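Note sheet for the following structure.
We did not get these values from a lab; they are worked out from the coordinates using the rules stated. Nothing here was measured: the structure is a model prediction, and the numbers come from that model. We place every Cβ from the backbone using ideal geometry, glycine too, and count neighbours over all the protein chains shown.
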Amino acid sequence: MDTLARLGDEYFRLHFAADPFEAGVFGVPGYDAEVPDPSRAAAARLAGELARVAAELATVDRDALAPEDRISHAILSRLLRDQQQRLRDGATEVAVTASIAGPFAQVVASVPAATGSNEAYLARLEKLGGFFDRHVERYRQAAADGRFPTELGVRQAVAQIDAYLATPITRDPLLRPDGQDARATEIINSGVRPALTRFRTALAEHLLPVGRDGERVGLCHVPGGAEAYRTLVGAYTTTELGPEEIHQIGLDLVAELRAEFAERGGRTLGISDVDEVLGRLREDPGLRFGAAQEIVDTVTGALRRAEEAAPDWFDTYDIAPCVVREMDPAEAENSVLGYYVAPAADGSRPGTHVVNTYRPDLRARFEYEVLAFHESVPGHHLQVAVAQSRDDLPRFRRFAFFDAHGEGWGLYTERLSDEMGLYTSDLSRLGMVSFDAWRACRLVVDTGMHHLGWSRERAIAYMRGNTALSETNIANEVDRYIAMPGQALAYMIGRLRIRQLRDRAQAVLGPAFDIRAFHHEVLAHGPLPLDTLEELVSTPV
C-alpha cells in the first residue's frame, strides 16, 4: 500500500472510531457497539493523531501523483486541517441543545437504527451512561473556564429529557423497532435512564443558572468564540470567505428573492405585496396539512416522480433505494422538517428520508415537495448513494461529507427540480422560493448572531420578515444555528458555487454542454471541498 492510501485509511479509522454515530449515519460497518467520547482528553488525543497523519501527508508530493490521487491528497489535507482546528476550538462544549446537534437527539437517531448485530446494539446501550456522564464533565469544565451554553438551549434540553423519561419503557425510542428485547429494556432501565436523570440534574442545577440569555446567543460572546467561528466558517464553506462578506452576500440575495416573492405571489395568490404574500403563506390554515399521512404521501410522491425523471438529467447509477420514514415523536417536537440517513454500505438498509409529521396542522403543504427533492432524489440520496457506489475510491472519500458540497448540492437540486418539471403547482414553487429565502437568510442571521452579536429575537424577526416559514420552524431553525455555528452557511454558499460552475461550463462549451455530464462530475468523485470541485470541473479527470 502506498503512503497516500495508507494515510487515508488511518484517517478513516481515526475519524469513525472517534464518532461511531456518524459511522452509522453513513452505513459504515464495524462501529455499532461503540459510542463517542466527548471528553476534552479524547479530543486532545485525536488532534494529536491527526497532526501526526497530516505531518506525514505533507511529505507526499502532490504534483507527482496521478490525477485521482491528487484529488485524494487535497481532500485528505483539508479534512485533517479542519478537524484538528475544530477539536482545538471546542465549540461543541457550549452547544447544549435539544436540536439535532444535541447528544440526546444524536443517540435517538443513531442507536436503534444501527444495522449491526443485537450484541453490538446491547453493547452500545451499555455504554450510553458513560457517554452522557462525560458530556456533563465536559460542560462543567467549559463553564469553569467561563464558556457557558445558552439558557434557552439548556431549558429545551431539560424539557426534552423530561419528555423522554416520562415515556413508558415499552415505547422507549432507544428500543429497536423490530420488537422488544428484555436485555435492552433492562439496560435502559438500569443504566441509560439513570444516566439521563443525572444529565438532566446537571443541566438544570449547574448550567441553567449561568446560561447566556437571548441577547448573547452567539459564539462571539464566548471566550475564544470569535476565532472559533472564523474556523467554522472556513470548515463548513471550504472557502476563504469571511463572516462580513458572507453577511453581505446574504443581504443581497434576500433583496433579490423578495422581488421573486412579489412576482410569483401575484401570479399564484393574486398578491404582490411581499409582506402580504409571506403572511398568507405562513398563516392561512387552508395551506396546512390535515393529517400526518398526507405529509408522508406528499414526500413519497415527490420522490417517485424524481426517480422517474432522473435518467434525462443524470447518468444511470447502480445505487441503493430510498424510502420515507416518519420521525420519532421523542425527537420531532424540537427538530427540523426532515433529514436524510444514508444507506448502509453493505446494502442492509436503504437510504431514508426521515420526515417530521409532528402537528401536521402547523406544517405547510407547499414546503414538503421541495423538502423531498432536497433530502432524497435528486438531492442527498442520489449524491450519497452515488459516492457509496464508487468502490474504486478510497473509503475516506466515499464516506466523507463536506457540508458546502453536500448541502450545496441539496439546495441546487431544489431549483433543478423545477427545471425537471417535478413540482405539482405554482404554490409548491412558492415553497421553493421560500426555501431559497430561508437559506439566504441563514447567511445573514448566522453571521449576525455569531459574528455581529445579534440577539436570538433579532434573528427570528429577520427570518419572519423574509421567509414563509412558520413561527415554529423559524424558532427551531434559529436555535439550530445557535447550537451549530457556521453549518447553516454551507447550503447557499455551496449552491452558488455549483451554479457558477455550471454557468461557466455552459458559456465555454455552448451547444456541446451536457447537463448529465456536468452533474456526473459534481457527484461521481464523492464529497469534495469547493476549491477541489472547481479545479475538477475546470479540468475534468
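Here are some notes:
- Note on the chain: semi-axes of the ellipsoid equivalent to its C-alpha gyration tensor, largest first and rounded to whole Å, are 32, 30, 25.
- Over the range 143-284, volume per residue of the alpha carbon convex hull, in Å³: 231
- Rg/Rh (Cα only; Kirkwood hydrodynamic radius) as it applies to the range 20-118: 1.05
- Burial order of peptide ranges 139-151, 198-210, 524-536 (average beta-carbon count within 10 Å, highest first): 524-536, 139-151, 198-210
- Dipole in debye (nearest 20) - the chain, about Cα centre, beta carbon charges: Lys, Arg +1; Asp, Glu -1: 920
- Pairwise Cα distances in the range 232-497 exceed 35 Å for 12 percent of all pairs.
- Using the Cβ-Cβ distance between residue 145 and residue 9 with R0 = 30 Å, the FRET efficiency computed as 1/(1 + (r/R0)^6) comes to roughly 0.25.
- Beta-bridge orientation, the chain: approximately 45 percent antiparallel, per DSSP, counting only bridges with both partners inside.
- Straightening the chain between residue 119 and residue 283 buys 54.1 nm, computed as 0.36 nm per residue apart minus the Cα-Cα spacing.
- Overall size of the range 314-356 from C-alpha positions, given as principal axis extents largest first: 38, 24, 12 Å.
- Antiparallel DSSP beta bridges within the range 232-497, as percent of all bridges there, nearest 5: 50
- MRE, 222 nm, helices only [DSSP H, n ≥ 4, -39500 (n - 2.57), over the chain, to nearest 500]: -19500 deg cm²/dmol
- Inter-site label distance for residue 276 and residue 51 at 7 Å from Cα along Cβ, in nm: 6.2
- On a per residue basis, the convex hull of the C-alpha atoms belonging to the range 315-435 measures out at 123 Å³.
- Annotation note: trypsin sites (Lys or Arg not before Pro) in the range 358-394 located in DSSP loop regions with a Cβ neighbour count of at most 16 within 10 Å are 390.
- Size descriptor, Kirkwood hydrodynamic radius, that averages inverse alpha-carbon separations across the range 207-295, Å: 17.2
- Peptides 224-230, 401-407 ordered by packing proxy, namely the average of other Cβ atoms within 10 Å per residue, highest first: 401-407, 224-230.
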